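*Asks:* Take a look at this one; I'll ask things after.
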Amino acid sequence: MRLETTRNFLFASAAVLAFASPAFALDGADVLKKMNAAYHVQGAEITAKSVATNGDNVTLSGVVIGSGMDPAQQFPIGNVTLEGVEEDNGGYTIEKMSFENVNYAKEKVAITIDDLYMTGVVVPADATANTVDAMLFYDEAHTGPASVKIDGKEAFSIAESNATMTKSEDGGTLSFDLTAEGFKGDLSGVTDPKSKEAIDALQLKSLSGDLTVNGSWEVAPGTINVDEYSIDVENVGRLDMSFSISGYTMAFIKSMQDAVKAQEANPNKEQADQAFGLAMLGLMQQLTFNNAKISFDDAGITKRGIDYAAKEQGTTSQQLSQMIKGMAPMMIAQLNIPELQNAVSAAVNTYIDDPKNFTISAAPAKPVPFPMIMGAAMGAPNTVPSVLGVTVTANQ
């Protein structure tokens with residue numbers, strides 16, 4: 001009995017010592033190596049002066065993110081703290097990645113960003129694999145107040161921004177969402193007399209608003225759906241865009257990354273740019289256009305713009321409005337698109353008379369391969385609107 005008890009004790013002690021030994025400790029250097037591999041695939045590189053591990057936390061000191069060897073492309077971000085790091089089938093999961101506040105100043109420009117962090121970070125085991133699991137993901141990326149000052153005066157600021165990513169259970173679809181709340185722009189520092197006059201007349205001295213982006217990516221067919229890309233500026237209006245394309249697959253992404261690497265590796269810049277352009281032209285052949293839409297909801301800028309332009313031309317706002325309504329069909333007529341000419345003329349007349357919203361949509365009956373669009377643009381430009389199913393409306 002005593003022998004059995006002693007043997008069990010030795011086995012238990014050996015197990016405890018094994019898990020406490022350095023062989024099973026978290027390898028902070030490997031975490032950085034695999035993070036760097038994921039960023040390097042995207043054309044960026046992470047370097048750190050030192051790596052320290054404490055339990056399941058890793059601290060990267062003196063971190064610099066950049067592209068290439070050019071110092072102008074290197075951006076120091078200080079220390080980065082990784083909390084709750086766990087090994088996951090050769091890769092890693094990180095509960096929270098916290099960054100030091102940014103306090104950057106060069107010449108007359110100063111940039112500050114507070115409260116930067118990412119949560120739910122997944123670092124891939126193999127960043128070169130041609131699957132979605134080779135990409136670096138996060139649940140949320142957050143920044144607090146951010147500010148850009150020029151000559152000591154704040155020119156632009158954001159109250160807060162959040163970006164989220166969600167992967168479907170089968171890994172076939174990735175959803176994304178970005179919001180930048182409370183951005184402000186100050187144009188009162190503009191000194192050019194003519195520009196200052198226009199800014200004052202259009203009431204653009206102080207701008208404020210929000211940015212919203214959301215959509216999804218279906219991995220297998222490479223379908224990107226940007227459901228909303230909107231910029232809403234107070235006392236100006238809301239610009240809203242959406243689009244959908246297919247063919248943006250993992251293979252497409254890898255080919256594009258290879259083209260970028262080849263361009264960077266070629267010392268002959270002119271030759272590199274030409275080769276890159278041809279590569280991009282070839283890749284475009286793989287994409288398909290599904291639909292697109294751009295709309296603007298007016299919040300007063302149209303009337304102010306017409307009033308200012310009329311004053312500049314020495315006429316009245318009413319006369320200028322009539323002139324715009326008369327010129328629109330003449331300009332469209334040069335494109336030899338009769339059906340679109342009528343639609344544009346009607347929409348412009350409606351909008352100028354009562355500025356509410358203006359929308360341009362492209363919704364073909366079925367998806368159109370990019371080569372077909374390019375062929376129509378080069379051979380018969382006037383057929384492009386019908387190929388894409390373009391419509392123009394106002395105040396709807």
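The values are calculated or read from the model by the stated rules, or taken from the named source; none is laboratory data. Since this is a predicted model, take the numbers as computed values, not measurements. All Cβ positions, glycine included, derive from the backbone under ideal geometry; neighbour counts span all protein chains shown. Remember, those area values only see protein heavy atoms, side chains included, never the ligands or the DNA or RNA. Shrake-Rupley method; radii C 1.70, N 1.55, O 1.52, S 1.80 Å.
*Asks:* Quick one: count up the residues across region 357-396 that are among the β-branched types (Val, Ile, Thr), open to solvent by less than 30 Å² (accessible area, probe 1.4 Å) and either at pLDDT below 90 or out of contact with any Lys or Arg (no Cβ under 8 Å at 6 or more places or on another chain) (or both). Steps first, answer last, please.
*Replies:* Keep residues of region 357-396 that are among the β-branched types (Val, Ile, Thr), which gives 359-360, 368, 373, 383-384, 387, 390-393.
Now narrow it down to the ones that are open to solvent by less than 30 Å² (accessible area, probe 1.4 Å): 359, 368, 392.
After this cut, where a residue has to be either at pLDDT below 90 or out of contact with any Lys or Arg (no Cβ under 8 Å at 6 or more places or on another chain) (or both) as well, the list is 368, 392.
Residues in region 357-396 being among the β-branched types (Val, Ile, Thr), open to solvent by less than 30 Å² (accessible area, probe 1.4 Å) and either at pLDDT below 90 or out of contact with any Lys or Arg (no Cβ under 8 Å at 6 or more places or on another chain) (or both): 2 in total.
*Asks:* I would also like to ask the following. Please determine, by comparing only the residues of region 261-308 that are among the hydrophobic types (A, V, I, L, M, F, W, C) and touching a Gly at 6+ places or on another chain (Cβ under 7 Å), which one is nearest to residue 371 (Cα to Cα).
*Replies:* If we filter region 261-308 for residues that are among the hydrophobic types (A, V, I, L, M, F, W, C), which is where we start, we get 262, 265, 272, 275-276, 278-281, 283-284, 287, 289, 292, 294, 296, 299, 301, 306.
Pick out the ones that are also touching a Gly at 6+ places or on another chain (Cβ under 7 Å) and you get 287, 296, 299, 301.
On the way: 287: 8, 296: 29, 299: 39, 301: 38 Å.
Only one residue tops the list, namely 287.
*Asks:* Looking at residue 105 and the list (1) farther than 14 Å from residue 146 by Cβ; (2) in contact (Cβ under 8 Å) with a residue 12 or more places away in the chain; (3) aliphatic (A, V, I, L, M), which single condition is not satisfied?
*Replies:* (2) is the only condition that residue 105 fails.
*Asks:* Just a yes or no: is a residue in region 123-144 open to solvent by 40 Å² or more (accessible area, probe 1.4 Å), assigned to a strand (DSSP E or B) and either polar (S, T, N, Q) or modelled with pLDDT under 90 (or both)? I'd like the intermediate steps shown before the answer.
*Replies:* Filtering region 123-144 for residues open to solvent by 40 Å² or more (accessible area, probe 1.4 Å) gives 125-126, 128, 130-131, 133, 135, 138-140.
Checking the rest, the ones that are also assigned to a strand (DSSP E or B) come to 140.
From what's left, either polar (S, T, N, Q) or modelled with pLDDT under 90 (or both): none.
Taking every residue of region 123-144 in turn, none turns out to be open to solvent by 40 Å² or more (accessible area, probe 1.4 Å), assigned to a strand (DSSP E or B) and either polar (S, T, N, Q) or modelled with pLDDT under 90 (or both).
*Asks:* Considering only residues that are exposed (fewer than 15 other Cβ atoms within 10 Å of the Cβ) and in contact with a helix residue (DSSP H, G or I) (Cβ under 8 Å, 6 or more places away or on another chain), which ones fall in region 285-306?
*Replies:* The answer is 285, 303.
*Asks:* A follow-up question, please. What tally of residues in region 87-128 results from selecting those that are at positive phi and in contact with a Ser or Thr (Cβ under 9 Å, 6 or more places away or on another chain)? First the steps, then the outcome.
*Replies:* So the first thing to find is which residues in region 87-128 are at positive phi, and the list is 89-90, 107, 115, 120.
Among the residues that remain, those that are also in contact with a Ser or Thr (Cβ under 9 Å, 6 or more places away or on another chain) are: 115, 120.
The number of residues fulfilling the criteria is 2.
*Asks:* Is there a residue in region 167-182 that is among the aliphatic types (A, V, I, L, M), touching a helix residue (DSSP H, G or I) at 6+ places or on another chain (Cβ under 8 Å), within 19 Å of residue 233 (Cβ to Cβ) and surrounded by 14 or more Cβ atoms within 10 Å (Cβ to Cβ)? Before you say what the answer is, go through the steps one by one.
*Replies:* Our first condition is that a residue be among the aliphatic types (A, V, I, L, M); within region 167-182, this holds for 174, 178, 180.
Filter again for touching a helix residue (DSSP H, G or I) at 6+ places or on another chain (Cβ under 8 Å), leaving 174.
Pick out the ones that are also within 19 Å of residue 233 (Cβ to Cβ) and you get none.
Among the residues of region 167-182, not one is among the aliphatic types (A, V, I, L, M), touching a helix residue (DSSP H, G or I) at 6+ places or on another chain (Cβ under 8 Å), within 19 Å of residue 233 (Cβ to Cβ) and surrounded by 14 or more Cβ atoms within 10 Å (Cβ to Cβ), which makes the answer no.
Here's the yes/no breakdown for (1) aliphatic (A, V, I, L, M); (2) at pLDDT 80 or above:
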{"position": "1", "(1), (2)": "yes, no"}
{"position": "20", "(1), (2)": "yes, no"}
{"position": "29", "(1), (2)": "yes, yes"}
{"position": "32", "(1), (2)": "yes, yes"}
{"position": "36", "(1), (2)": "no, yes"}
{"position": "43", "(1), (2)": "no, no"}
{"position": "53", "(1), (2)": "no, yes"}
{"position": "56", "(1), (2)": "no, yes"}
{"position": "72", "(1), (2)": "yes, no"}
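*Asks:* Hey, residue 195 hits all of (1) assigned to a strand (DSSP E or B); (2) small (Gly, Ala, Ser); (3) surrounded by fewer than 16 Cβ atoms within 10 Å (Cβ to Cβ) but one; which does it fall short on?
*Replies:* If we test residue 195 against (1) assigned to a strand (DSSP E or B); (2) small (Gly, Ala, Ser); (3) surrounded by fewer than 16 Cβ atoms within 10 Å (Cβ to Cβ), just (1) comes out false.
*Asks:* Go through (1) modelled with pLDDT of 90 or more; (2) under 30 Å from residue 228 (Cα atoms); (3) not aromatic (Phe, Trp, Tyr) and name the single condition residue 102 misses.
*Replies:* Tallying (1) modelled with pLDDT of 90 or more; (2) under 30 Å from residue 228 (Cα atoms); (3) not aromatic (Phe, Trp, Tyr), residue 102 fails exactly one: (1).
*Asks:* If we scan region 239-262, do we find a residue that is closer than 27 Å to residue 145 by Cα, among the hydroxyl-bearing types (Ser, Thr, Tyr), open to solvent by less than 40 Å² (accessible area, probe 1.4 Å) and modelled with pLDDT of 95 or more?
*Replies:* No, that holds for no residue.
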